[in-house]
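Visitor: Sharing a structure below in structure tokens format, with a few things to ask.
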Amino acid sequence: AEDNMRVCNLTTSSQYFHLLRNQAKAKNRRPLILFTPKSLLRHPDVRSGLEEFTGGKFMEVLNDNALDKNNVRKVIVTSGKVYYDLLKYRTENKINDVAIVRLEQYYPFPEKELIDVVNGFTNAKSITWVQEEPENMGALNFIKVRLVEIMFKGKTLSYISRKESASPAPGSYKRYSETQKLLIENSFK
């Protein structure tokens, strides 16, 4: 509360660069909390081009510019590593009517930026928050309250995550793969 910290979950190397640069240059410094899984350190799609470092800036919300906005029927809002699983599924299945918007900063919550991006998809009928963590973990409870507060005009709101659990991971790679596949498939329904 009261802007006492900054909490982010980044999806590209340029975002990481610009966030650290902002943190170092800030006059009013506050703790920076980053949720960054090790798997993204080696993921080939996380790389950014030189122009993204030299001409870019930190963006709290990353828009999906790969699709024709007029054809989008659904907007998925997500954050972190699961974005790449969603993107891979969308590409492999040639889905061109579901946008994937990335929330790069949780707190302070970028309400105006998220509203502007989502409302840019004028024909979208639904918004879905997707996270790979169980329902009682991850950002869901924090995000749910904020998404309900800014309820998007004429759009339904839903959430997709793993079922509540005492553990953040199922304990078996096979079980993880099965539940991850189901989570991704359900996101596009």
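The values are calculated or read from the model by the stated rules, or taken from the named source; none is laboratory data. Keep in mind the model is a prediction, meaning the values are calculated, not measured. A quick note on method: Cβ atoms are made from the backbone with ideal geometry, for glycine too, and the neighbour counts reach across all protein chains shown. Ligands, DNA and RNA are excluded from the accessible area calculation, which covers all protein heavy atoms including side chains. Shrake-Rupley method; radii C 1.70, N 1.55, O 1.52, S 1.80 Å.
Visitor: Can you tell me which residue within the range 121-147, out of those that are among the aliphatic types (A, V, I, L, M) and in a loop (DSSP other than H, G, I, E, B), is surrounded by the fewest Cβ atoms within 10 Å (Cβ to Cβ)? Spell out how you get there, then give the answer.
Guide: Taking the range 121-147 and keeping what is among the aliphatic types (A, V, I, L, M), we get 124, 127, 130, 137, 139-140, 143, 145, 147.
Now restrict to residues that are in a loop (DSSP other than H, G, I, E, B): 124, 137, 139.
Values: Ala124: 22, Met137: 17, Ala139: 21.
Step by step, filter the range 121-147, then rank; the result is Met137.
Visitor: Okay, moving on. Considering only the range 92-145, state which residues are among the acidic types (Asp, Glu) and either modelled with pLDDT of 95 or more or farther than 20 Å from Glu2 by Cα (or both). Step through it out loud before you land on a result.
Guide: The first filter runs over the range 92-145 and keeps only residues among the acidic types (Asp, Glu), leaving 92, 97, 104, 111, 113, 116, 132-133, 135.
Those that are among the acidic types (Asp, Glu) and either modelled with pLDDT of 95 or more or farther than 20 Å from Glu2 by Cα (or both): Glu92, Asp97, Glu104, Glu113, Asp116, Glu132, Glu133, Glu135.
Visitor: From (1) open to solvent by less than 40 Å² (accessible area, probe 1.4 Å); (2) polar (S, T, N, Q); (3) touching a Phe, Trp or Tyr at 6+ places or on another chain (Cβ under 8 Å); (4) at pLDDT below 95, pick out the condition that doesn't hold for Thr12.
Guide: Thr12 satisfies all of (1) open to solvent by less than 40 Å² (accessible area, probe 1.4 Å); (2) polar (S, T, N, Q); (3) touching a Phe, Trp or Tyr at 6+ places or on another chain (Cβ under 8 Å); (4) at pLDDT below 95 except (3).
Visitor: With respect to Lys189, is the statement that it is closer than 24 Å to Tyr107 by Cα, assigned to a loop (DSSP other than H, G, I, E, B) and open to solvent by 60 Å² or more (accessible area, probe 1.4 Å) true?
Guide: Numbers: closer than 24 Å to Tyr107 by Cα: no; assigned to a loop (DSSP other than H, G, I, E, B): yes; open to solvent by 60 Å² or more (accessible area, probe 1.4 Å): yes.
Criteria not met by Lys189.
Visitor: Could you run through the range 45-67 and say how many residues are at pLDDT below 90 and surrounded by 13 or more Cβ atoms within 10 Å (Cβ to Cβ)?
Guide: So the answer is 4.
Visitor: Tell me which residues, restricted to the range 69-83, are open to solvent by less than 80 Å² (accessible area, probe 1.4 Å) and over 10 Å from the mean Cα position of the chain (by Cα).
Guide: Keep residues of the range 69-83 that are open to solvent by less than 80 Å² (accessible area, probe 1.4 Å), which gives 69, 72, 74-83.
Correct list: Lys69, Val72, Lys74, Val75.
Visitor: If I filter the range 102-113 for residues that are under 19 Å from Phe188 (Cβ atoms) and surrounded by 14 or more Cβ atoms within 10 Å (Cβ to Cβ), do I get at least one hit? If you could, list the steps in order and put the result at the bottom.
Guide: Going through the range 102-113, the residues under 19 Å from Phe188 (Cβ atoms) turn out to be 102-103.
Imposing the further condition that a residue be surrounded by 14 or more Cβ atoms within 10 Å (Cβ to Cβ) reduces the set to 102-103.
Yes, the range 102-113 contains at least one residue that is under 19 Å from Phe188 (Cβ atoms) and surrounded by 14 or more Cβ atoms within 10 Å (Cβ to Cβ).
Visitor: Report yes if Ile33 is touching a Lys or Arg at 6+ places or on another chain (Cβ under 8 Å) and either surrounded by fewer than 17 Cβ atoms within 10 Å (Cβ to Cβ) or of a type in the set (Phe, Trp, Tyr) (or both), otherwise no. Quick ask: steps written out before the conclusion?
Guide: Values: touching a Lys or Arg at 6+ places or on another chain (Cβ under 8 Å): yes; either surrounded by fewer than 17 Cβ atoms within 10 Å (Cβ to Cβ) or of a type in the set (Phe, Trp, Tyr) (or both): yes.
In short, yes.
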